[in-house]
Amino acid sequence: MKPKVDAKSHNLKVLFADDKESLQELMKNELPRMGHEVTVCPDGLTAAAALERNTYDCVLVDLDMPGLNGIEVITRAKELSPDTEAVVLTGKSTTDSAIAALRQGAFDYLTKPCKLMDLRSLLQRVAEKRELTKKCAALTHRLKHVEGDRSLVGRGMPMQQVRDLIAKVAPSNSTVLILGETGSGKELVARGVHEQSPRADKPFVAINCGALPESLIESELFGHRKGAFTGADEHRVGLFEVAHGGTLFLDEIGELPKSMQAKLLRVLESGDIRRVGDNDGIKVDVRVVCATHRDLEQMVEEGDFREDLMYRINTFEIHLPPLRDRISDIAVLAKHLYRRFLTNGKPNDELFSPDALEALQSHSWPGNVRELANVIEHATIVCDELPITSEHLPRRFGSRTAKAKSFGPMSLRDLEMQAIHESVERHDGNKTAAAEELGISLKTLYNKLNAASSLERSA
């Protein structure tokens, strides 16, 4: 009776190459019993020809064969199918050749004569790795679908200049400071820097420095030891450690408390972090990208931001233009955003009616791209049949455009406050939700509202 195939085993399509007939016969019989499909080749040239015709999950090759040796077969397999795993068999007493194969991308090696039990276990590990790779690819695909296209959209000169700057700074390890108004897409620029850098396959970790209470931000960035403070019931790894090898994006760096600015400067200078409650430092390799909508030089003059930290983080500056300076990009941006919100079907060429497009292009966009995204999402819900007309745009949007035309240009402060008041109204007075929509901290929202109230009382 034939042995039963291991129920836990994953089927692999295996290419076996060895010039010994006894091993060829053994693998013809034993690999199918393990649940794998096998193609047996007597030499390296035959194996290379088989690789040209078919794709294999795993190549199992002897290092010493006539024609082409095992390393040459592995190299060819990787050229044709980079996902193919390779396992080498070596009969030599030294492992130097096996190590050379590992450097060429082999998964592992076995020394002849090998036990079938060891071979079964090794192929099981190959199968498990391939399953994990497939799951990772599927999750990555789903994540991209959920997040949508995060590339910078815009054909005009301002955005082309931003792309050029990203391309210049991305290959380096320099800190980057992204300057731009709230909602203009600073995180997309930070992601662009990361994805075009040698760290692209490492973590990209983002944190809004104004979104956390001052008492928690040190623990969030650097981590803490169990018992370091009340409520610290377990060890916590900070975001600097999470981002090790990759990029840490500190959004709204201008909101960072003064006490934390000194600690951040020390980390940037030394590359060492220290968890709260810990005496020992931890070395981290992290590229830091910062962003703010505030004037850091003015904050330095007012004593709200450390001058040495400002110079440390702005090794390379990227200025992101506001949407009102990118009027030529509004049509393509709106179409891009519509595709993100579209759940079925495809938009036709006539996505917006002339009056809708005119309304979009004549608006001042105090909320920048984030505001445009909200307007397009609203229109997508309301519009049953294309094209989108001005009637599908939010009612407040139309009145705001008319108001701007009636009363002429508004100051930047007035536009900002208008956006804040309308966001608060939109969320029925929920300031936390309004601050999240506007991309600012709750503290900043209250500061701006209080400042506006003070100006009104003094007027």
Interchain or sequence-distant (5+) residues whose placed amide H lies within less than 5 Å of the amide H of L89 are V61, D62, L63, L110
Per residue and in cubic angstrom, what volume does the convex hull of the Cα atoms of region 4-77 have? 74
Where the centre of each part is set by its Cα atoms, how far does region 309-384 sit from region 31-80, in angstrom? 52
Over the chain, what number does the Rg to Rh ratio reach, with both radii from the alpha-carbon atoms and Rh per Kirkwood? 1.11
Residue separation times 0.36 nm, minus the C-alpha to C-alpha distance between K443 and S411: what's the value? 9.2 nm
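Peptides 233-239, 57-63, 16-22: what's the order by average Cβ count within 10 Å, highest mean first? Write down the numbers at each step before the final one.
Numbers: 233-239: 14.7, 57-63: 24.7, 16-22: 18.1.
Those peptides, ordered most packed to least, come out 57-63, 16-22, 233-239.
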For K226, counting only aspartates and glutamates whose alpha-carbon sits under 13 Å away and dropping same-chain residues fewer than eight positions off, the answer is E234, D278
I'd like the Karplus ³J(HN,Hα) series for region 79-89: coefficients 6.51, -1.76, 1.60, θ = phi - 60°, whole numbers in Hz, and an x wherever there's a Gly or Pro. 5, 7, 8, x, 7, 5, 8, 10, 10, 10, 10
Give the peptides 205-212, 324-331 in descending order of average Cβ contacts within 10 Å, highest first. 205-212, 324-331
Which ³J(HN,Hα) values in Hz, rounded to whole numbers, follow from the phi angles of region 231-246 under the Karplus curve 6.51 cos²θ - 1.76 cosθ + 1.60, where θ = phi - 60° and Gly and Pro get x? x, 7, 7, 7, 5, 10, 8, x, 5, 4, 5, 4, 8, 3, x, x
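Among I178, I282, which comes first, second and so on when ranked by fewest other beta-carbon atoms within 10 Å? Display every interim value, and only then the final one.
Working: I178 30, I282 17.
By the 10 Å Cβ count, ascending, the order reads I282, I178.
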Greater than 20 Å apart at Cα, pairs in K135/K202; K258/K431; K78/K134; K13/K134; K135/K283; K112/K134: K258/K431; K135/K283; K112/K134
Any idea what Rg and Dmax come out to for region 157-319 if you just take the C-alpha atoms, in Å? 15.7, 54
In whole angstrom, how far apart do the alpha carbon centroids of region 165-221 and region 266-293 sit? 15
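What is the packing order of peptides 363-371, 32-40, taking the mean over residues of other C-beta atoms within 10 Å and listing the highest first? Walk me through the numbers on the way to the answer.
Numbers: 363-371: 22.6, 32-40: 18.3.
Averaged packing, sorted descending, gives the order 363-371, 32-40.
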With 10 angstrom as the radius, rank T432, T111 by how many other C-beta atoms surround their C-beta, starting from the fewest. T432, T111
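Every number here is computed from the coordinates shown, using simple stated rules; none is lab data. Worth saying up front: this structure is predicted, and the values here are computed from it rather than measured. Backbone-built Cβ (ideal geometry, glycine too); neighbour counts: all protein chains shown.
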